[in-house]
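The structure under discussion appears below in the form of structure tokens.
The values are calculated or read from the model by the stated rules, or taken from the named source; none is laboratory data. Keep in mind that this is a model prediction, so the values were computed, not measured. Methodologically, a virtual Cβ is constructed for each residue, glycine included, from the backbone with ideal geometry; neighbour enumeration extends over all protein chains shown. Heads up: the accessible areas ignore ligands, DNA and RNA and are worked out on the full protein's heavy atoms, side chains in. Shrake-Rupley method; radii C 1.70, N 1.55, O 1.52, S 1.80 Å.
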Amino acid sequence: MSIEKYLASVFSLEGKVILFTGATGGIGREICKGYAQSGADVALADMDATKLAELEREITDAGGKAKSFVLDLTKMDDIKKCVDAVIGAYGRIDVLFNCAGINKREGLLDVSESTYDRIMQINLKGLYFISQEVGKHMRVAKKGSVINMASHNSVGMLGGCSVYGATKSAVTALTRSMAVEWAKFGIRANALAPGHIITPLTTVTWEHPTRSVYLKERIAMGRPGTPEEIVGAAILLASDASSYLSGMMIHIDGGCLAGGAPWDFDTKFD
Ligand SMILES: NC(=O)c1ccc[n+]([C@@H]2O[C@H](COP(=O)([O-])OP(=O)(O)OC[C@H]3O[C@@H](n4cnc5c(N)ncnc54)[C@H](O)[C@@H]3O)[C@@H](O)[C@H]2O)c1
């Protein structure tokens, strides 16, 4: 077998139905395009019908397969309707990618109850119940892969991200619970933890004169990542190449957790 054929057979997403929340976001849209290019049928779920239609067209114009589903994760009714609609359209869901998420940077002493509730509702409660709804179908099918979007903030905190960090730490714990409880149904669950990636969610930080310098020093590779740099790991977790990988979180952070950029020291090498 040629290398191309072997790799294509292991990493191919041909025939897989992927329900993807937060599809039109900075990271989401790149992963959805990568999934479609790898052969998947991508069910694009997000809040804005116009943005969904644009992404769907972009994917189908490039020869990929995608359909749009409007979803507001703060509404339990919407979650059920969206999952029912995807099952109605495809008959099954092989992969659920929970990518939708929000943040608002505020100090612990400033956060209002409404801000707290909104971040919790989208990042944790919505993710929990859409996973439960999809899990019921995967259980019957006796197979499935759930991929949860965690964050560097699942483990390392930044100032002003207390609620966001709490939700992302919880998402990591929840991923392990899914892996443990659902393994007997043939369902795997893993998390991706991007470090600092340039998207609409983070431009506020990267355009800031002092915070952007602070962050670059904490990344060994000295730069933020791009949404395209998340795609490879996302394909790995959705594909059969990761058939024995469950309950894990993969950090994609340019060496941020490893310790960041070292302080100056004498060396004969640059
Ligand atoms: N950008 C980063 O540096 C970074 C780092 C770590 C983790 N993440 C995580 O990656 C994911 C995507 O982040 P991004 O940077 O692309 O952000 P983004 O703001 O570009 O995308 C988030 C998406 O979630 C959708 N969304 C928000 N509320 C929703 C709701 N109620 N119902 C359904 N969809 C909703 C938005 O419409 C948007 O398309 C998030 O979970 C985020 O926490 C991002």
* Hits in the range 37-51 - residues which are more than 9 Å from the ligand (Cβ to nearest atom) and either farther than 28 Å from Val10 by Cβ or in a loop (DSSP other than H, G, I, E, B) (or both) -> Ser38, Gly39, Ala40, Ala49, Thr50
* Asked: Trp182 versus (1) open to solvent by less than 30 Å² (accessible area, probe 1.4 Å); (2) part of a helix (DSSP H, G or I): which is the lone unmet condition?
  -> (1)
* Just to be sure, is Leu237 in contact with a strand residue (DSSP E or B) (Cβ under 9 Å, 6 or more places away or on another chain), under 30 Å from Lys142 (Cβ atoms) and open to solvent by less than 40 Å² (accessible area, probe 1.4 Å)? -> yes
* How many residues, within the range 218-244, are among the charged types (D, E, K, R) and assigned to a loop (DSSP other than H, G, I, E, B)? -> 2
* Structure fact -> Given the conditions (1) aliphatic (A, V, I, L, M); (2) modelled with pLDDT of 95 or more; (3) within 29 Å of Lys16 (Cβ to Cβ), every one holds for Leu201 apart from (2)
* Asked: Is there a residue being among the charged types (D, E, K, R), open to solvent by less than 30 Å² (accessible area, probe 1.4 Å) and in contact with a Lys or Arg (Cβ under 9 Å, 6 or more places away or on another chain) anywhere in the range 59-78?
  -> no
* Structure fact -> Filtering the range 1-50 down to residues that are surrounded by fewer than 18 Cβ atoms within 10 Å (Cβ to Cβ), modelled with pLDDT of 95 or more and among the charged types (D, E, K, R) yields Glu14, Asp48
* Val204 being within 14 Å of the ligand (Cβ to nearest atom), open to solvent by 40 Å² or more (accessible area, probe 1.4 Å) and part of a helix (DSSP H, G or I) -> yes
